[in-house]
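These notes are about the structure you will find just below.
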Amino acid sequence: MDTESTYSGYSYYSGRSRGSHRHGERSRDRHKTRNKDSRSEKSVTINTPPAEPLLGDSSVRGEQVQDDNWGETTTAVTGTSEHSLSQEDIVRITKDLEDSVGLDCRRYFTLALAVILGLLVFLTPLAFLVLPHLLWPEKLQSCGTACEGLFISVAFKLLILLLAVWALFFRPPRAGLPRVFVFRALLAVLVLLFVVSYWLFYGVRILDSQDENYQGIVQYAVSLVDALLFIHYLAIVLLELRQLQPCFSVCVTRSTDGEIRHYNLGQLSIQRAALAILEHYYCDFPVNNPALLSASKSRAAKHLAGLKVYNVDGEFPAASVEGPGNNATAGLAHSQSRAMIAAAARRRDTSHNELYYEEAEHERRVRKRKARLVVAVEEAFTHIKRMQEEEQKKAPGDVMDPREAAQAIFPSMARALQKYLRTTKQQHCHSMESIQQHLAFCITNNMTPKAFLESYLTPGPTLQYSRDHWRARQWTLISEASVTSGLKDGSIFLLKCVDFSLVVTTKKIPYIQMSEEYIDPKSHKFVLRLQSETSV
């Protein structure tokens, strides 16, 4: 009886201590999370054109709301969805809207400054030529043949400069960078100082003295246009040519599944390197699939559950009670605990067998569902060919368009496709409407069943899927160094999205020393001597 009371007391107090310990860990985790969120708000961001989050919480909610039985009920598209928003979601949406308004204002302000500076640059040479005719026309000397030829030179040079500036600067923005582009800002300041200095010289030496040599004024305007062309050449070198030669090799790792890609980049700042990496990411990385990660987490939690030890018998006596019987009871409890821990450890050692058989069973199910899907799609496409042969005999008004043909054959393959997508955890990436559109596209272009299935059998790049699944509205760039500084050997920065991040490490491409070794062509020559005597 004493033994039982002692054991239950141990269970009670150990449970209380474990509960309080877990409560303290949860409170500390919440505190760390709040501190992390407050620090992350100070990080700089790279914003892409507005769209939906990249497979974040909204995609998970959409997966829960979406009807998983669309393969069995394909005659009509019906369904209801309920969306609930918490106070945190409302605050986050409001903050995103405020950030988007601020970014739009900054974008338009930068565009307005660029337009004003461009008008100042192009109107300055024309003003140099027109002002003397407006202010002192009776004092100007006549313009000869050489002067009129300079007019043609100024006109064509301004036209070339206009086209060159339009091609280099007035391009649609690819993204909103967190900081100003240093080289572009320096070029703008250089052009502004250059034009202002020309205006000062023009006002002091020509306007005040009312110079009568109009040919000299025209040559002064031509020199300004020539200098502007050279500045544009400098802009091409700094903005376009400088980054072409590869100098660094960057390793991009996705934090969720460890997907890795390597790219070669030139002399770029951290923010422009991040932009180049994001452009490669949408084309090279397969789409992030949170469903696969949740499956692996549940399997790991199931294996870790085998390590728990429960003592549900008896109770410890009071701390003041002492005696040999109590010591024997405590020793028995400790020995039982060690035995249970040893059993859990042996179970943990055999967990790899369970994982092996689970993966083997999953692969078998995938192959089985894939075979059924391939057969169903081939039969559906065979039916399409049969329908096309029959439609050739019909009147022109009775022929079905590809959309109607896709809707007619889709139910025959819908169930097999639905089961395959569920098994491979891709059901949230493909809706029934997108599958029918892809099927109609394949029918229109006379594609084979294998071409239709390739989008579902092999996970494609992120851009392959609809915008609701791949386009992230905002990326956060986290870097210890300034984002306007250039890449260096060993630089590390993060690109954080809604539900994952890209970890970027930089390595400098080593200097390669090549040497030449001369081989004399005569060294390859040899003489073959044959003996006349042969064996009998």
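Mind checking which residues of the range 269-288 are among the hydrophobic types (A, V, I, L, M, F, W, C) and touching a helix residue (DSSP H, G or I) at 6+ places or on another chain (Cβ under 7 Å)?
Correct list: Cys283, Phe285, Val287.
Here are some residues: Leu161, Leu129, Leu111. Which one is over 20 Å from Tyr202 (Cα atoms), open to solvent by less than 50 Å² (accessible area, probe 1.4 Å) and at pLDDT 80 or above?
Leu161
When you go through Pro459, Pro411, Pro449 one by one, which is the residue that is surrounded by 15 or more Cβ atoms within 10 Å (Cβ to Cβ) and under 16 Å from His383 (Cα atoms)?
On inspection, the qualifying residue turns out to be Pro449.
On the basis of being acidic (Asp, Glu) and modelled with pLDDT of 90 or more, does Glu378 make the cut?
Criteria met by Glu378.
Quick check on this structure: which one of Ser209, Ser197 is surrounded by fewer than 16 Cβ atoms within 10 Å (Cβ to Cβ) and either of a type in the set (Val, Ile, Thr) or assigned to a helix (DSSP H, G or I) (or both)?
Only one candidate passes the filter, namely Ser197.
Among the residues in the range 80-99, are any at pLDDT 55 or above and not in a helix (DSSP H, G or I)?
The answer is no; no qualifying residue exists.
Going by the conditions given, is Ser335 farther than 30 Å from Ser431 by Cβ, surrounded by 14 or more Cβ atoms within 10 Å (Cβ to Cβ), at pLDDT below 85 and more than 35 Å from the chain's Cα centre (by Cα)?
No; evaluated as a whole, the condition is false for this residue.
Filter the range 223-249 down to the residues that are of a type in the set (Ser, Thr, Tyr) and assigned to a helix (DSSP H, G or I), then identify the one that is farthest from Leu163 (Cα to Cα).
Ser223
Quick grid of which residues meet (1) basic (Lys, Arg); (2) in contact with a helix residue (DSSP H, G or I) (Cβ under 9 Å, 6 or more places away or on another chain); (3) part of a helix (DSSP H, G or I):
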site: Leu417; (1), (2), (3): no, yes, yes
site: Leu421; (1), (2), (3): no, yes, yes
site: Lys425; (1), (2), (3): yes, yes, no
site: Cys429; (1), (2), (3): no, yes, no
site: Cys442; (1), (2), (3): no, yes, yes
site: Tyr456; (1), (2), (3): no, yes, yes
site: Pro459; (1), (2), (3): no, no, no
site: Leu463; (1), (2), (3): no, yes, yes
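Could you check the range 351-362 and list, in sequence order, the residues that are open to solvent by less than 100 Å² (accessible area, probe 1.4 Å) and within 34 Å of the chain's Cα centre (by Cα)?
Those that are open to solvent by less than 100 Å² (accessible area, probe 1.4 Å) and within 34 Å of the chain's Cα centre (by Cα): Leu355, Glu358, Glu359, Ala360, Glu361, His362.
Check Leu123 against each of (1) of a type outside the set (Asp, Glu); (2) free of Cβ contacts under 8 Å to residues at least 24 places away in the same chain; (3) assigned to a loop (DSSP other than H, G, I, E, B) and name the one condition it does not meet.
Answer for Leu123: the failing condition is (3).
Among the residues of the range 223-275, which ones are open to solvent by less than 70 Å² (accessible area, probe 1.4 Å) and touching a Pro at 6+ places or on another chain (Cβ under 8 Å)?
Leu224, Val225, Thr256, Glu259, Leu265, Gly266, Gln271
How about the range 164-185: which of its residues are without any contact (Cβ under 8 Å) to a residue 40 or more places away in the chain, open to solvent by 80 Å² or more (accessible area, probe 1.4 Å) and in a helix (DSSP H, G or I)?
Of everything in the range 164-185, just one residue is without any contact (Cβ under 8 Å) to a residue 40 or more places away in the chain, open to solvent by 80 Å² or more (accessible area, probe 1.4 Å) and in a helix (DSSP H, G or I), namely Trp166.
The values are calculated or read from the model by the stated rules, or taken from the named source; none is laboratory data. Owing to the predicted nature of the structure, the values given are computational and were not obtained by experimental measurement. As a convention, Cβ positions derive from the backbone with ideal geometry for all residues, glycine included, and neighbour counts pool all protein chains shown. SASA here: full protein model, heavy atoms, side chains in, ligands and nucleic acids out. Shrake-Rupley method; radii C 1.70, N 1.55, O 1.52, S 1.80 Å.
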